[in-house]
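Asker: The structure follows.
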Amino acid sequence: MLSPRLSRAEPLNYTRMCFLVNCLKRLKSSQQWLSRQKADPYVEKAKIYNYRCRSAFKLLEMNEKTNILTPGLSVIDLGASPGSWTQVAVQKTNADGSDKTKPKGMVLSIDKLQIFPIEGATIMSNMDFSTIEAHDKVIAVLGDKKVDLVLSDMAPSATGVKELDKDRIIGLCYMAIRFAALVTKINGNLLFKVWDGKEVPILEMDLERFYRNIKILKPKASRSDSSEKYILARGFKGIQRPLESGRWG
Ligand SMILES: C[S@@+](CC[C@H](N)C(=O)[O-])C[C@H]1O[C@@H](n2cnc3c(N)ncnc32)[C@H](O)[C@@H]1O
């Protein structure tokens, strides 16, 4: 048994030790993050092309393969902060009207965080999209208008518990699918992020009811050690009846 002196000193030492171990862990992971950023060609490229982050190249690459963004299209970008997908969407749809020879598009960007202004885009910051109320607010802004494309790069902040994190992103995916079904034009498209796992085939099956073509994409700019993938659902068929909250039955 420990002496009373030791047992009194023990909690303090243990707390300090945990604190130091956590500091070292954080230091190590931020050093790893920094060296990964330095070695990443997309980080440098994003600075050169004035994109807010490297994610821009994921969308550019997927667009090159699929041509989902063209001048004149209307786009909703969910989970848009800091805004590099919005920058790409504005350029490709001509939402800022910079090319007078082409039709002008529309981009509406939403995030629970702050998104600093981007010319040509309508911004809805500080909006948590995991609630049906948030969807209703956006639908009210759109009025009767439907959009050609819904993008979702939404990702929850990682808790470190893999299964929990996956469940949370799947929840966001169904939110995006539900919302897209309400605001997309017939034959419109949906592109969203998912983390690979056993839920993906179920998602694909659910999507087949509403879209003519489903494709999984893994752009080169998406890190190979990440389970991140994108699902592109093309050719929205329309819905027969209003969707219930969350998932449909
Ligand atoms: C990977 S980042 C998106 C990067 C963005 N596509 C870009 O290119 O700048 C994921 C974003 O999803 C947002 N997000 C996560 N959960 C959300 C929610 N419930 N509602 C709205 N945004 C959410 C986060 O705040 C974060 O900004």
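Asker: Where does the charge balance sit around Ile214 when Lys and Arg score +1, Asp and Glu -1, over other residues with C-beta under 11 Å from its C-beta? All intermediate terms of the calculation are to be shown ahead of the outcome.
Answerer: Numbers: positive: Arg209, Arg212, Lys215, Arg234; negative: Glu204, Asp206, Glu208.
Around Ile214, the surrounding residues sum to +1.
Asker: Let me ask something additional. At 1.4 Å probe size, with no ligands or nucleic acids counted, give the accessible surface of Ile186 in Å², nearest ten.
Answerer: It works out to around 100 Å².
Asker: What's the FRET efficiency of Ser125 with Ile48 using the Cβ-Cβ distance as r and R₀ = 30 Å, to the nearest 0.05?
Answerer: Calculated transfer efficiency: 0.65.
Asker: On a full-extension model of 0.36 nm per residue, what is the gain between Ala140 and Lys65, subtracting their alpha-carbon distance, rounded to one decimal in nm?
Answerer: Here the answer is 23.7 nm.
Asker: I've got another one for you. On a 1.4 Å probe surface of the protein chains, which of Cys53, Cys173 comes out largest in accessible area, and what is the full order?
Answerer: If we order Cys53, Cys173 from most to least accessible, we get Cys53, Cys173.
Asker: Taking all protein chains together and a probe of 1.4 Å, list Ser74, Ser98 from the most accessible to the least accessible.
Answerer: I get Ser98, Ser74, largest accessible area first.
Asker: Going down the list Lys166/Lys218; Lys45/Lys112; Lys92/Lys185; Lys166/Lys229; Lys45/Lys218, which pairs span over 21 Å between their C-alpha atoms? List each step's numbers first, then the result.
Answerer: On the way: Lys166/Lys218 17 Å; Lys45/Lys112 27 Å; Lys92/Lys185 19 Å; Lys166/Lys229 12 Å; Lys45/Lys218 19 Å.
Too far apart for the 21 Å limit: Lys45/Lys112.
Asker: Percent of accessible area on segment 99-249 owned by carbon and sulfur, 1.4 Å probe?
Answerer: Values: 4320 of 7950 Å².
Using a 1.4 Å probe with all protein chains present, segment 99-249 comes out at 54 percent carbon and sulfur.
Asker: For Tyr174, Tyr230, Tyr14, give the ranking by accessible area with the largest first, probe 1.4 Å.
Answerer: Of Tyr174, Tyr230, Tyr14, the descending order of accessible area is Tyr14, Tyr174, Tyr230.
Asker: Can I ask one more? Modelling each spin label as a point 7 Å along the Cα-to-Cβ direction, I'd like the Thr101/Asn22 distance in nm, to one decimal.
Answerer: 6.0
Asker: Report Lys112's accessible area, 1.4 Å probe, all protein chains in place, as a number in Å² to the nearest 10.
Answerer: Its heavy atoms expose roughly 110 Å² to the probe.
Asker: Estimate the FRET efficiency between Leu217 and Ala155 by the formula 1/(1 + (r/R0)^6), using the beta-carbon distance for r and 22 Å for R0, to the nearest 0.05. Walk me through the numbers on the way to the answer.
Answerer: Working: r = 16 Å, r/R0 = 0.72.
Result of the calculation: an efficiency of 0.90.
The values are calculated or read from the model by the stated rules, or taken from the named source; none is laboratory data. Note that the coordinates shown come from a computational prediction; the quantities given were computed from them, not determined experimentally. Neighbour counts are summed over all protein chains in view; Cβ atoms, including those assigned to glycine, are modelled from backbone coordinates with ideal geometry. Areas reflect the complete protein model, heavy atoms only, side chains present, ligands, DNA and RNA absent. Shrake-Rupley method; radii C 1.70, N 1.55, O 1.52, S 1.80 Å.
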